[in-house]
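Structure, as structure tokens:
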Amino acid sequence: MSERVLRLAIPAGSLQEATVALFRRAGYNLSPERRSYYLSVDDPELACTLIRAQEIPRYVQDGLMDAGLTGKDWILENDAAVVEVAELAYAKVTRRPVRWVLAVPEGSAIRSVGDLEGKRIATEIVNITKRYLEERGVKANVEFSWGATEAKPPELADAIVDVTETGSSLRANGLRVIETLLESTPRLIASHAAWDDPWKKRKIEDLALMLNGALAADGKVGLMMNVRRADLNGVIAILPALKNPTISSLADDAWVAINTVVEESVVREIVPRLKQAGAQGIVEYPLNKIIE
């Protein structure tokens, strides 16, 4: 066991599975321990604890955790004084940011924020919602919701502020979106004390580098091929490269090797064209990380 350990908070709940998968792609083998809030990890310098994303900013701010992954929304809700090290664009279903939206029943007479004067609003982000209303001069009763928020209108609330990634749950519950309060993505955050510690800062920066590298490789593959020099310009014109492809000389001066990175979705379209343009020995291979 290393004498130096970084205490890292991993979000429990909806982001847990996606976060564990991201860490594994980044090279950290996280495994939940049975009936435990701790995660085993194949890095003796990491101690990972499962904590609700809503609570992570406060625990990191207070130095109970050195670093953690949580949403920008929960940093704002807690008004947490933390270091935002990196934005990590991943979510439960898609890579799009989640949205906190103001929604009402389809048949509601409420059409704008101004119509919420004196109304009851249920939400998990009470502080953000109150600030949003205050900025618009609207006074309403904002109540904390312990869950199943979309089921509360119209009997228990006139409106809700709820999080959505695809909007499917809101539509299924007959709700109509009026406005978006904010968009949020996960962030790697650190306490100021940990950021001031050279060893911990370096460990957190290394972690951010590997996590972002795994995200950068998502949906991309590598392509290798051999091409006659006479056909090189025609082949390069077909490649939608991440950056300029790497071109290497071969033993036969009449040939070169090309190595490049492309979106996986275009491979089926460009490989036949590459073949027609003179590329040979085309190999597609998966990517775990792309480090810029």
Just give me the residues in the range 184-198 being over 9 Å from the mean Cα position of the chain (by Cα) and among the charged types (D, E, K, R), in sequence order.
ASP196, ASP197
Please go through the range 166-204 and pick out each residue that is over 30 Å from THR123 (Cα atoms) and surrounded by 15 or more Cβ atoms within 10 Å (Cβ to Cβ).
ALA194, TRP195, ASP197, LYS200, LYS201, LYS203, ILE204
Restricting to the range 115-138, what's the tally of residues that are of a type in the set (Ser, Thr, Tyr) and either in a loop (DSSP other than H, G, I, E, B) or without any contact (Cβ under 8 Å) to a residue 24 or more places away in the chain (or both)?
0
Lone qualifier among GLY114, GLY147 - being surrounded by fewer than 14 Cβ atoms within 10 Å (Cβ to Cβ) and farther than 29 Å from ARG52 by Cβ
GLY114
Just to be sure I understand, how many residues within the range 239-281 are buried (at least 17 other Cβ atoms within 10 Å of the Cβ) and either of a type in the set (Phe, Trp, Tyr) or farther than 28 Å from ASN212 by Cβ (or both)?
6
Restricting attention to the range 133-183, and to residues there that are acidic (Asp, Glu) and modelled with pLDDT under 90, which single residue is nearest to the chain's Cα centre (by Cα)?
GLU165
The condition of being loosely packed, with under 13 Cβ neighbours inside 10 Å, more than 21 Å from SER169 (Cα to Cα) and either outside the structural domain of THR149 (by TED's automatic domain parsing) or among the small types (Gly, Ala, Ser) (or both) holds, among TYR59, TYR28, TYR37, only for TYR37
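The values are calculated or read from the model by the stated rules, or taken from the named source; none is laboratory data. None of the values given here were measured: they were computed from a predicted structure. Here the Cβ is made from the backbone with ideal geometry for all residues, glycine too, and neighbour counts use every protein chain on show.
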